[in-house]
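S.K.: First the structure, then my questions, so here it is.
The values are calculated or read from the model by the stated rules, or taken from the named source; none is laboratory data. These numbers were taken from a predicted model, which means no experiment stands behind them. Quick reminder, even Gly has a Cβ in these numbers, built from the backbone with ideal geometry, and neighbours come from all protein chains shown.
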Amino acid sequence: MSAKRTKVRNRVFGAILSAALLLTVSVWQESPSAGAAVPKLDNIRVALFIEATGKYRLNTATASFSSTGGLKIGMRTTSAVENWLTAGKDPVRFAVDDYKVKLIETTDFNTALSVAKRVQALGGSAVVTTISKSGKSYYVVLEGSYSAAADAKTAMDKWTKDSSIASLMGSLKASLTGPLHLEGGSYTTEAAARNAVQLFSSAGIDAYPAIRKAGTYSVMVGAAADATALAAVKTSASKVSGAPTLREADASTPYLLLRDDNTISGTAKQTYPSYSFPASSAKVWVSTDGGTGIKLQERSSRTYRGSMEVSAYNGKMAVVNELPFEQYLYSVVPSEMPSSWASEALKAQAVAARSYALYQGMGFGIAHVNDTELSQVYSGMDTEKTSTTEAVNATAGMVAMYNGKPIEALFSSNAGGQTADATEIWGNAVPYLKSVPSPDQSAENGLMQWYRVVVPSGAVGYIREDLLDDTGRKNAVGATIMITNADGVKVRDNPVINDAIALVDKLARGTEVVLIEQTVESNKMSWVLGPYTSDVLQKSSGWTTAIRTLDADYGESGRVIGMSINGSALSTKSPVNYRTLMGGLPSTRFTIDETARVQIAGANGATSKRPEQSGSLYIAGANGKTTASSNYYVLSGDGTIRAATVEPKFRFVGYGNGHGVGLSQYGAQGLAQLGYDYVYIMKYYYNGITIEGQ
């Protein structure tokens, strides 16, 4: 290990060991002057699905809502919400009236359902609807949601090339549907509109009931993707006797076009309403009078407080949950921090989450935040807990402020003993986001020790402590010899159970191994990952040649702020990206064990450095035999055994989970357990702030 790495590792352990002492000393600097009005937000808008260009993308072609309290459905205008209709407890589905692939139209429901399932298995979004034509029920499979006909055409070519779909379709041909309709009639009930629909259906023409406003229905005929197709519909519809006069449907004003959807039930007999709305003019508003919330099937069937707005945004469907701000925090706090933790830690999390959301403004265009870690996790009513709700209520309106404004109250799971300065993560300084020691060790409570051992094959790996016994003997270099006490003992690359990773070895009872070191099971405080081969890191880092050496530069908190491969800089926009470039590490607070890096002393004072100098390496064993090996072990002057490899491999020994800036959640718990209140905790992690209420 280089002197640079030794210094960093010592600093890491030193910070952890001394944290408890440091925390007893006040760390505040003089706070900026308070007195500015604390901002207030009555309702917050949370993006559940959105196309936020360049920032976040989570798309859905449909949004299916239900509520045990029933639903009210309408349109939101600039001045008010217009209620158009009510629905019972059954699901109601919404889609943008845009371009879609019509894969099949058949009288065989099972065939239609099989096509839909195949598309879904391939990652598409398919629905099955029923339409009546010429006295028969036809089942239509529609796929996707596309803002342009060309995009739908590309998708159609993709799906129809699949052999399973092609086989199910037989001689039937796929086509495109679109948002162009003819419209006619004015009716006061859905039943009356459906009667008019039958006039066109009997003639074999696609037609649908539509709602223009509360108590006003019309008939929309056709779903054309271009003007030529719409003209063909017009010619056919003009021959229908007794039908209402038709005109081109006006998409500049809202409507809801009704289809009968079989997808949710999965049966031919049961349909639920599916409403399509124009992309350019509609903001569908879904609410309930019941206190049981609204369930959204496409978002893991979670149930949410407040109301839902469904619209088209940046060419895709957007689903935004609007609800009272403080009630939003009822879900965020338990989604971000265990509800069993100390009440003062939960209060600190509540204030941090409130401050963070206020700082964001309308960060997602039509929403303040989204529901993922990109903002802060929000999982709806099902995650709410009494303890966290009490923490939100106890701190209602309390906001972390700096220079009269809410702070960007960043937080992460575990700082690994020391939080990061903002410059170490994103390269820009923020006065209240400074590095401080953090008591994060509770993440290791109750975890087992793992032994890093050499197995008889010469390979090295980890075995859990309860699967080994000490023989009381030492080998020739003084290392402890241990023995397995069970059959089928698994030897793993890392000190944690992960059956997705291939085993190093599997040992029978009574197998002797040599102990190299021991460590606690990998957790959010400390962890070990690797060893990774050059090929693996070359792929994750985007490096164009084989990786022989890997070096890092470190910031104040021991986090990596720069890296080089083979002596050349590995450039990235922000240091936080080194987590991803190194294969997805929990944090940037890590040291690198380059298993192939050694300096070998030769005759006459000559030295050679590996892996800079390649070639075969021969090792003389205690028995006097010289062999070539891929693994070997180096004994240092202080008796430490180091596992080395001939070819470059890289292990990462790290601390913490997350970016490490601002409040550490495990650290907040540690401070709360030491008796500090939430105001102290917030001021400890955010330098120079004030906590102010409305």
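S.K.: Restrict the check to region 421-442 and report whether at least one residue is farther than 30 Å from residue 356 by Cβ and assigned to a strand (DSSP E or B).
M.R.: no
S.K.: Separate question: Name the one entry in 367, 345, 357, 352 that is touching a residue at least 12 places away in the same chain (Cβ under 8 Å), of a type in the set (A, V, I, L, M) and farther than 22 Å from residue 668 by Cβ.
M.R.: 367
S.K.: Residue by residue through region 371-396, note down the ones that are surrounded by fewer than 23 Cβ atoms within 10 Å (Cβ to Cβ), of a type outside the set (Ser, Thr, Tyr) and out of contact with any helix residue (DSSP H, G or I) (no Cβ under 8 Å at 6 or more places or on another chain).
M.R.: 373, 374, 382
S.K.: Let me spell it out: the conditions are (1) buried (at least 19 other Cβ atoms within 10 Å of the Cβ); (2) within 16 Å of residue 209 (Cα to Cα), and residue 288 meets all of them except one. Which number is the exception?
M.R.: So the condition that residue 288 fails would be (2).
S.K.: Sticking with this one: Check off (1) in a loop (DSSP other than H, G, I, E, B); (2) over 16 Å from residue 531 (Cα atoms) for residue 515 and give me the number that stays unchecked.
M.R.: Only one criterion in (1) in a loop (DSSP other than H, G, I, E, B); (2) over 16 Å from residue 531 (Cα atoms) is unmet by residue 515, namely (1).
S.K.: Got at least one residue in region 78-93 being in contact (Cβ under 8 Å) with a residue 12 or more places away in the chain, surrounded by 23 or more Cβ atoms within 10 Å (Cβ to Cβ), touching a Phe, Trp or Tyr at 6+ places or on another chain (Cβ under 9 Å) and assigned to a loop (DSSP other than H, G, I, E, B)?
M.R.: no
S.K.: Report whether or not residue 591 is more than 30 Å from residue 373 (Cβ to Cβ) and either modelled with pLDDT of 80 or more or among the acidic types (Asp, Glu) (or both).
M.R.: No: the conditions fail for residue 591.
S.K.: Which residue is nearest to residue 101 (Cα to Cα), if the candidates are limited to region 143-190 and must be of a type in the set (D, E, K, R) and in contact with a Ser or Thr (Cβ under 7 Å, 6 or more places away or on another chain)?
M.R.: Going through the qualifying residues, I end up with 143.
S.K.: Right, something else. Taking region 61-77, which residues are buried (at least 21 other Cβ atoms within 10 Å of the Cβ) and hydroxyl-bearing (Ser, Thr, Tyr)?
M.R.: Once the filter is applied, which keeps residues that are buried (at least 21 other Cβ atoms within 10 Å of the Cβ) and hydroxyl-bearing (Ser, Thr, Tyr), region 61-77 yields 62, 64, 66, 67.
S.K.: Okay, next question. For region 387-402, state whether one or more residues are at negative phi, assigned to a strand (DSSP E or B) and of a type in the set (Phe, Trp, Tyr).
M.R.: Among the residues of region 387-402, at least one is at negative phi, assigned to a strand (DSSP E or B) and of a type in the set (Phe, Trp, Tyr), which makes the answer yes.
S.K.: Also: Condition check: farther than 16 Å from residue 104 by Cα and of a type outside the set (Lys, Arg). Does residue 149 satisfy that?
M.R.: Taking the combined requirement at face value, the residue satisfies it.
S.K.: Oh, and also: When both residues are 6+ apart or on different chains and their Cβ atoms are under 9 Å apart, which pairs have a first residue that lies in region 211-234 and is farther than 24 Å from residue 94 by Cβ, and a second that is among the acidic types (Asp, Glu) and part of a strand (DSSP E or B)?
M.R.: Close Cβ pairs (under 9 Å, with a partner that is among the acidic types (Asp, Glu) and part of a strand (DSSP E or B)) amount to 234/248.
S.K.: Return the residues of region 628-676 that are under 24 Å from the mean Cα position of the chain (by Cα), hydroxyl-bearing (Ser, Thr, Tyr) and part of a strand (DSSP E or B); say none if nothing qualifies.
M.R.: Of everything in region 628-676, those that are under 24 Å from the mean Cα position of the chain (by Cα), hydroxyl-bearing (Ser, Thr, Tyr) and part of a strand (DSSP E or B) turn out to be 655, 664.
S.K.: I've got another one for you. How many of the residues in region 459-502 are in contact (Cβ under 8 Å) with a residue 40 or more places away in the chain and surrounded by fewer than 12 Cβ atoms within 10 Å (Cβ to Cβ)?
M.R.: Total satisfying the criteria: 3.
S.K.: Is it the case that residue 316 is touching a residue at least 60 places away in the same chain (Cβ under 8 Å) and in contact with an Asp or Glu (Cβ under 7 Å, 6 or more places away or on another chain)?
M.R.: yes
S.K.: With 351, 319 as the choices, which residue is in contact with a helix residue (DSSP H, G or I) (Cβ under 8 Å, 6 or more places away or on another chain), modelled with pLDDT of 95 or more and crowded, with 20+ Cβ neighbours inside 10 Å?
M.R.: When all the criteria are applied, what remains is 351.
S.K.: Same structure again: State all residues of region 396-425 that are among the polar types (S, T, N, Q) and in contact with a Pro (Cβ under 9 Å, 6 or more places away or on another chain); if no residue qualifies, say none.
M.R.: 403, 413, 414, 418, 419, 423
Matching residues to (1) modelled with pLDDT of 95 or more; (2) within 21 Å of residue 641 (Cβ to Cβ); (3) of a type in the set (A, V, I, L, M, F, W, C):
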position	(1), (2), (3)
472	yes, yes, no
482	yes, yes, yes
486	yes, no, yes
492	yes, yes, no
508	yes, no, yes
520	yes, yes, yes
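S.K.: Quick one: which of 301, 238, 265 is free of Cβ contacts under 8 Å to residues at least 60 places away in the same chain, surrounded by fewer than 21 Cβ atoms within 10 Å (Cβ to Cβ), of a type in the set (S, T, N, Q) and not assigned by TED's automatic domain parsing to the domain that holds residue 129?
M.R.: 301
S.K.: Related question: Please give the number of the condition residue 618 fails out of (1) closer than 30 Å to residue 479 by Cα; (2) modelled with pLDDT of 75 or more; (3) hydroxyl-bearing (Ser, Thr, Tyr).
M.R.: Failing condition for residue 618: (2).
S.K.: Would you confirm, using the coordinates I've provided, whether residue 145 is within 22 Å of residue 278 (Cα to Cα) and either buried (at least 21 other Cβ atoms within 10 Å of the Cβ) or outside the structural domain of residue 236 (by TED's automatic domain parsing) (or both)?
M.R.: yes
S.K.: What pairs come up if the first residue lies in region 674-694 and is touching a residue at least 24 places away in the same chain (Cβ under 8 Å), the second is charged (D, E, K, R) and part of a helix (DSSP H, G or I), and their beta carbons are under 8 Å apart, counting only those six or more places apart or on different chains?
M.R.: 676/344; 677/344; 677/347; 678/344; 678/347; 681/344; 689/683; 691/683
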